[in-house]
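Structure in structure tokens, see below.
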Amino acid sequence: MKAGLPLSSFLVMLVLARVNAFTGRIQSTLRTLPVVVNSSTRRYNFFKEIIGKAFENDGNLSSDKGKGQYDAPGEEFIDSRPAEVLTETQRRWRQGQVGNVVSPMMLSGSKYFVDLFLAGVPERDPSNDLYGSKVNISSRDRETGLSLPSTPSISIMIEFLENGVCKASPSEFTAGKQDGQWKLSDDGKTLRFSIDTLGYTRVVETKGSIQNVFWTDEKEKSVRTKTSYSIPPGFVYGDIDVTVGRLPGSVNFGGSGVLRVEQSSGLFGVSSKLVSCGKFAMGSPSKD
């Protein structure tokens, strides 16, 4: 320790010298360490360059964006690929596979054998007809509420022509002179057709008795009455469910369809409604 230097000042100078020496060693070590670049930053820049190049415009394109658009007539995009040629069967099958529904093309030009089960419409309300035909609930058709024959009343052939024209073969029930119409529902699941008929009538005759009141001496009276069930001449309408068949272009008919006839109703017959008059079953298609 130098003469005349206080002890406290000497200690402060000694501490400062030690600190300066330690700081110099740290700076020397940092200068010798290698510079490390963040790897995630390099990966980000790599993908950014790839994506940017993918969306770059072609160098041959004009810098004017308006010239690269199809706005003017005749500048629309034209597909130069050759058109696919399909056979008639393939075309019907492909159209039928759209939404798995039946298309008009699948029915146009086809012929089917049809069995008609006719019941007719009663001339009086069955609930108010005392001597009308009684319908057993076990034999009554659930869909129409009619008592249908167990065997077909008549069999005909129906042809679904183009433009929605329906043609029925001549028979005892159909004249075959005036064509009807056929049409598919918007969802392609129901077929409705109309055929011109000559009319149909069946008469049910019943016999009942009215007993006398116990205090009279009159004899028992027998009462005989008739009830008719008829289909007036004119158009009869048939509705049936349809689905796409397994074979290309084929159609399946769901069970049996309902026959209906137009009947006047309301005051003075100003309105009309369709009432059930029988059922029908679609048979196998004709190959003629």
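What follows is calculated from the coordinates using simple rules that are stated; it is not laboratory data. Small disclaimer: the values here were computed from a predicted structure and weren't measured. Note that we place each Cβ from the backbone using ideal geometry, even for glycine, and neighbour counts take in every protein chain shown.
If r is the Cβ-Cβ distance from LYS189 to LYS226 and R0 is 51 Å, what FRET efficiency results, to the nearest 0.05?
It comes to 0.75.
Would you mind putting 153-164, 191-202, 245-256 in packing order, based on average other-beta-carbon counts within 10 Å, highest first?
Taking the mean over residues of other Cβ atoms within 10 Å, the ranking is 191-202, 153-164, 245-256.
Then there's this: Assuming R0 = 30 Å, can you tell me the calculated FRET efficiency for the pair VAL203 and VAL275, based on Cβ-Cβ distance, to the nearest 0.05?
0.95
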